[in-house]
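Have a look at the structure below before the remarks.
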Amino acid sequence: MTSEKLYAFGVASALHGREYYERLWEEYRSVFDALGIKSFTVFTNEASITEQASRIREADALFIAVLTGGSSRLVKKVASLIDERTPIVLLAHGFHNSLASALGAKSRLEEEKHRVYIIESRTPSEAIDELAVVTRAIRGLVKLKSMRVVQLFTDQVYDEGVEASRIFGFNIESVTPQQLDYEMQRVNINEIRKYLESHFDLGGVDESLLEKPARLALAAERIAKARNADVVVIDCFPFIRAKGFTPCLMMSYLLDQGLVGVCEADYRSLILMVLAKQLTGRPGWIANPSHYEHDTHKLILAHCTGATILGEYATLLPHFETGKPYAVLTKIKPGTYTLAGISPGFRRMGVALAEVIESGMLTGGRCRTQVVAKLEEKDPRPFPQKAVSNHHVLIPGDVRRELTILATLAGMEVVQY
């Protein structure tokens, strides 16, 4: 059983017979139990809902099995007790007007701005595969709500961070330049030496120029642990101008250590990086689209950092734009990935399947980690015309269904590239 409060209830009209709906409820309960969703009781009147009001309000997500027709008003009553951002999953089956009642409830709740997803199956047991995908997506949303973020090298959290926190519910703390300097002086860089030697080809790397990036990596990890944070964010270019070295190594180190590091104070990519870890157990890779070939559907992506555990080889090079020490070149493994981006204001999510064909530092004139990915595109327009953002995140595996469901439940429009 997981720590998220994923709660399930049934709704039914007594006109359809108690024996009938209770038998169905037991079938649904076995499905919920298999997926770590805690099930409670069947509501047949509004008084029974009121008795469970405190439990309903504390739920991170509600799963409501619509056992019979004539029960949409009960669903609406349950929804009246929760915040409109709390996900509601309605489960309908193929008999006794279940689907009709679920659709009636869904349409009404959506008019009231509730976030609703409906699953229909002929029998309760046949819902388990889709429900498993939906549950993974909802756990991603719950993770976003419960996580803690630190933004380094700033006196106050950026506006986009404030907006992200308002939408998704997570907490952000700022870490001032002075606080970061203090932590950098306290660390022992010998603690990172084994990591550097085992993860990077250090031939040609100037050890004296590596000391400050290594101190930053260790200080960021220490700060995250001290504040019980899951995510570290930094605005890279103001930092580089002030300090004369990059946070690229820090990003790779944090990702390799199981934390989430986010470049350029990009809170839209932060959402996708957290979801990459939550959905796959592996880090994502933030990158800029650099060139697109419409005829071959090949997209070149580039950035100056990346988790080395995503790659077959990694080394350190001067940063692309500034020449400062050090950028990370990770040769990302070929295979199937999901490419995703989120628009300003967190209004749209673009999603595509991507096959990584080649990676490394393939050409000059671009950031050091480069990837050639062939997109599986549904929209015939060229990628630059439909892209919702500059930064996109490459996520291991095919998680399009989870991201599509999650975006819908987060109030975002889904753009299928």
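The values are calculated or read from the model by the stated rules, or taken from the named source; none is laboratory data. The structure presented is a predicted model; accordingly, all values stated were derived computationally and were not measured. Methodologically, a virtual Cβ is constructed for each residue, glycine included, from the backbone with ideal geometry; neighbour enumeration extends over all protein chains shown.
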As an exercise: evaluate G69 against (1) in contact (Cβ under 8 Å) with a residue 12 or more places away in the chain; (2) of a type outside the set (K, R); (3) not in a loop (DSSP other than H, G, I, E, B) and give the number of the one condition it does not meet.
(3)
Taking the stretch 75-100 and keeping residues within 22 Å of L15 (Cα to Cα), under 32 Å from the mean Cα position of the chain (by Cα) and either at pLDDT below 95 or of a type outside the set (V, I, T) (or both) leaves K76, K77, L90, L91, A92, H93, L99
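From G364, G345, which residue is on the phi > 0 side of the Ramachandran plot and not in a strand (DSSP E or B)?
Details: G364 fails: on the phi > 0 side of the Ramachandran plot.
None of the other options fit; the residue is G345.
Restricting attention to the stretch 42-50, does a residue exist that is within 31 Å of the chain's Cα centre (by Cα) and surrounded by 15 or more Cβ atoms within 10 Å (Cβ to Cβ)?
No, the stretch 42-50 contains no residue that is within 31 Å of the chain's Cα centre (by Cα) and surrounded by 15 or more Cβ atoms within 10 Å (Cβ to Cβ).
Let me confirm something: among T305, T296, which residue is of a type outside the set (F, W, Y) and buried (at least 24 other Cβ atoms within 10 Å of the Cβ)?
Details: T296 fails: buried (at least 24 other Cβ atoms within 10 Å of the Cβ).
None of the others qualify; the one that does is T305.
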Quick one: T86 ticks every box in (1) farther than 30 Å from R268 by Cα; (2) in a loop (DSSP other than H, G, I, E, B) except a single one, so which number is it?
(1)
From the list E211, E312, pick out the single residue that is assigned by TED's automatic domain parsing to the domain that holds N171, of a type in the set (D, E) and in contact with a strand residue (DSSP E or B) (Cβ under 6 Å, 6 or more places away or on another chain).
E312
Kindly establish whether T315 is touching a helix residue (DSSP H, G or I) at 6+ places or on another chain (Cβ under 7 Å), within 25 Å of L259 (Cβ to Cβ) and either basic (K, R) or in contact (Cβ under 8 Å) with a residue 12 or more places away in the chain (or both).
no
Restricting the search to the stretch 154-178, which residues are over 16 Å from V262 (Cα atoms) and either touching a Leu at 6+ places or on another chain (Cβ under 8 Å) or surrounded by 15 or more Cβ atoms within 10 Å (Cβ to Cβ) (or both)?
E163, I167, F168, G169, P177
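Taking L103, is it more than 21 Å from the chain's Cα centre (by Cα) and under 15 Å from A410 (Cα atoms)? First the steps, then the outcome.
On the way: more than 21 Å from the chain's Cα centre (by Cα): yes; under 15 Å from A410 (Cα atoms): no.
No; evaluated as a whole, the condition is false for this residue.
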Among the residues of the stretch 1-55, how many are in contact with a helix residue (DSSP H, G or I) (Cβ under 6 Å, 6 or more places away or on another chain) and of a type in the set (S, T, N, Q)?
2
First in the stretch 171-200 and assigned to a helix (DSSP H, G or I), second anywhere and aromatic (F, W, Y) and surrounded by 14 or more Cβ atoms within 10 Å (Cβ to Cβ), Cβ under 6 Å, 6 or more apart
P177/F153; L180/F153
Going through the stretch 210-233 in order, the residues found to be in contact with a Leu (Cβ under 9 Å, 6 or more places away or on another chain) and touching a residue at least 60 places away in the same chain (Cβ under 8 Å) are L210, P213, A220, I223, A224, A229, D230, V231, V232, V233
Of these, T363, T322, which one is among the polar types (S, T, N, Q), assigned by TED's automatic domain parsing to the domain that holds A276 and touching a Lys or Arg at 6+ places or on another chain (Cβ under 9 Å)?
T322
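Can you go through F9, F40 and tell me which one is more than 17 Å from I118 (Cβ to Cβ) and at pLDDT 95 or above? Show your work before the answer.
Working: F9 fails: more than 17 Å from I118 (Cβ to Cβ).
One residue alone meets the criteria, F40.
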If you scan the stretch 90-105, which residues turn out to be buried (at least 19 other Cβ atoms within 10 Å of the Cβ) and polar (S, T, N, Q)?
S98, S101
Would you call L24 in contact (Cβ under 8 Å) with a residue 12 or more places away in the chain, more than 36 Å from the chain's Cα centre (by Cα) and outside any strand (DSSP E or B)?
no
Among the residues of the stretch 201-232 satisfying the criterion of being under 22 Å from the mean Cα position of the chain (by Cα), surrounded by 13 or more Cβ atoms within 10 Å (Cβ to Cβ) and of a type in the set (D, E, K, R), which is nearest to E173 (Cα to Cα)?
R227
Residue tally, condition surrounded by fewer than 22 Cβ atoms within 10 Å (Cβ to Cβ), touching a strand residue (DSSP E or B) at 6+ places or on another chain (Cβ under 7 Å) and small (G, A, S), over the stretch 358-417:
4
Sole exception among (1) small (G, A, S); (2) touching a strand residue (DSSP E or B) at 6+ places or on another chain (Cβ under 7 Å); (3) not in a strand (DSSP E or B) for A100, by number
(2)
Here are some conditions: (1) surrounded by 15 or more Cβ atoms within 10 Å (Cβ to Cβ); (2) among the basic types (K, R); (3) within 28 Å of L275 (Cβ to Cβ). R108 meets all but one. Which one does it not meet?
(3)
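Residues are listed down the side, and each one gets a yes or a no for (1) out of contact with any helix residue (DSSP H, G or I) (no Cβ under 9 Å at 6 or more places or on another chain); (2) under 17 Å from Q278 (Cα atoms):
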| residue | (1), (2) |
| --- | --- |
| G345 | no, no |
| V371 | yes, no |
| Q385 | yes, no |
| V393 | no, yes |
| E413 | no, no |
